[in-house]
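Before any comments, here is the structure.
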Amino acid sequence: MSPTTHNSTSNEARNPESAWKMPKEKIRTAKAHPGSGGSHSMPQGSTSPVSLWQSGQTPVAIQSRKMYREGLLLAESGSNSRLMLLNDLAICLHAQYKRNGTMESLKEAILYHQEGLSLCPAGHPDRSRSLNNLAVCLFTCYRRQGDITDLSEAIKYHKEALELYPPGHRNRLGSLSNLAVCYQARYQRDGLLQNLLDAIECHEEALQYSSDGLGHVTPFRNLANCYFLLHKRQDDPLNLSKAILYHKKALDICPSGYPDHPIILNDLSACFKAQYDKQGVMQDLEKAMDCLQRALELFPHGHTDRLKAINNLAACLQTRYKVQGTIEDLLQAIQCHKEALKYRPPGDPSRSGSLNNLAVCLNSKYLHSGAIEDIEEAIKLNRSALLLSSPDSPHHLAHLNNLANCLRARFKLQGYMHDLNEAITCHREALELCPPGHSDRSSSLNNLAVCLQAVYEHQQDITALEETIKCYKEALTLHPKGHPYRPTSLCNLAICLHTQYEQQSKNIDHLLEAIQCLRESLNLLVPEHPERSESLKYLARCLEARYRAQNDGSCLMEAVERLQEALRMAPQDHPSKAMMYAYLAALYTRYSDNLGGADKIEESSILFEKATTHTPASLRDRFNASLMWIANVNGPIEIHAYRRCLELADRYVLIRSSMTSRHELISTISRLMPLQLLSEWEI
């Protein structure tokens, strides 16, 4: 959003047109009340050339600029007529720049405004207008070229103009809004909190001069926007509540038939989504999606802001899919991203982002269904997105990470080490783009750790496991108490410490540290948080390990209780429930004497049956559950367990493209399967 320009016939700040996008917000300037500025006399019966140009009459614009230039040649140096000609010519040139983007026009406008300001010493009645107009052009120049000097000068001139409008002045609203725009731009440039606080102070004062009429929607939006940024900076729920309050106020005074209404809905959805991310309350996510669906009903096809709403709705659908596991949400998100690609045809500089978003969804779809064509298409799209972004592009980091994630997913399917090695290379390159202090360093550390963990699981390389733990521990230091990602970091570290204990060290301290991490993670998650069930599942596994090591019966009982709680929390169709069923069934089988005898054996068979037939889970998880079943068979239904394992193996072996991975799978089954059943298996 650009500040507004004063013309020679009024000190009014014109209400600008703008696009509003979350989270990189652009602030609208408020429309000030009309003032009494100096007027430039025109021949009787004629219309101002400035007004004619702004109505789109380009030939008039050319003629008016010519007329102003000729007038300047005749005007006396230092005269009031020269001041008004300079101002009007500069406004025409600025408007020409906004129409065709010619920097020469903008630079020339700045020169004329600078000369005009020199003719308005302190105390001159037109000094405030000249200060504002020059500041507006300098801010426009900063937006185009990024020279911080232009922004600093714009702020200096806007501050001086504001001083000339004392509290209660009818033009103070527009001046406050213009200055706030510049403060926010400087905050986005240097990240200094004081700039954002100064912007909020200006917007809050501007509200005092605002009424509840339609023309005063903008101040509420501006303030909501700044409080949203402040929430992201300070993670203070009070700031987010204020952002929601002011966006709702803007909606109340902006009827649904007006163009701004769907834009405000989109902004409000971002606040509800942020509130969901913080608290994990599904109602907030539903509110965000409702706002976006209403906005899309109001945005016509082809509208520039429709693309933002489509992308935001897709992000919400993906989030709900991760929580509830409903495939319809993921399929709808894919359709959204495909529509978004239509807005960004080949050659569009933003096309890489849409390619990336679609690839992420296809990767999720692959993880749900196991269809090889989904992961192949996702890798293809990620490679295309990476080619479209240069190493210094702000999106290059995300493209590297997402390509690596897809390669790791294909490795898990096919077992080719070159996929995993390429994924690690991508993540190491991404980490180099995130030196200490970078906001994305923790996520890059986490991504690299996940791949290194896969190396350990595949090759039993202890150095890979040690580097994994090192990465997770550094990531945890970047998520101090109160950070929303600390529970996840604690859980990740705990999983590796448990692995280190079970397969390498048998050092009880590693296991106790894992349990401590998981308990802290659970304490930080509200009861309804979607990640809680995963932490409960891993805590149960660690408690079982402690029971085996120390024969503490309370650990075994708590392990069962934690798994039961995890199953109650997870949505019915969530993919993770398959392995939860299997883990609980294994506990009932292994420790039936401690947990209830024959009744638990029978219950374990029911749970294993659920685990291997839970179709929302991936084929890989259901097959692994069947392996757990035959490893824990105990009773007359063992033949059924073996046959279920062979049934799933028939399908699973077909998607293992690597001959090595197929051989490993067949060897595993051969070791566990009775000979009389193995002879029935046709590979």
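Points to keep in mind about this one:
- Relative contact order of region 396-502, pairs being alpha-carbon contacts under 8 Å that are 6 or more residues apart, as %: 20
- Straight-line reach from K481: taking Cα to Cα under 18 Å and skipping same-chain neighbours fewer than 8 places apart, the lysines in range are K232, K278, K473.
- With every protein chain in place, region 535-625: carbon and sulfur % of accessible area (1.4 Å): 42
- Take each peptide in 430-441, 531-542, 392-403, count the other Cβ atoms within 10 Å of every residue, and average; sorted highest first, the result is 531-542, 392-403, 430-441.
- In nm, spacing of pseudo-spin labels at L433 and N594 (7 Å Cα→C-beta vector): 4.9
- Three-way shape label, region 187-328, alpha-carbon gyration tensor, a/c 1.5: oblate
- Relative contact order for region 360-443, counting Cα pairs under 8 Å that sit 6 or more residues apart, in percent: 23
- T304 sits with roughly 100 Å² accessible to a 1.4 Å probe, with DNA, RNA and ligands left out of the calculation.
- Modelled spin-label separation between D650 and S152, with each label point placed 7 Å from Cα along the Cα-to-Cβ direction: 7.6 nm.
- The relative contact order of region 403-451, computed from alpha carbon pairs under 8 Å that lie at least 6 residues apart in sequence, is 35 percent.
- Within a straight-line Cα-Cα reach of under 27 Å, K600 can be paired with the following lysines, leaving aside sequence neighbours fewer than 8 residues apart in one chain: K537, K577, K610.
- Here r is the Cβ-Cβ distance between H418 and A122 and R0 is 56 Å; the resulting FRET efficiency, rounded to 0.05, is 0.20.
- Å² per residue, accessible surface of region 438-555 at 1.4 Å: 44
- The lysines whose alpha-carbon is closer than 29 Å to the alpha-carbon of K342, local same-chain residues fewer than 8 away aside, are K21, K24, K26, K98, K273, K287, K308, K322, K365, K380.
- From phi via Karplus (6.51, -1.76, 1.60), per-residue ³J(HN,Hα) for region 178-192 in Hz, x at Gly/Pro: 4, 5, 4, 4, 5, 4, 5, 4, 5, 4, 5, 7, 10, x, 6
The values are calculated or read from the model by the stated rules, or taken from the named source; none is laboratory data. These numbers come from a predicted model, not from an experiment. Cβ coordinates were reconstructed from backbone atoms using ideal geometry, including for glycine residues, and neighbour counts include every protein chain displayed. Note: accessible area is taken over every heavy atom of the protein model, side chains too, but ligands, DNA and RNA are not part of it. Shrake-Rupley method; radii C 1.70, N 1.55, O 1.52, S 1.80 Å.
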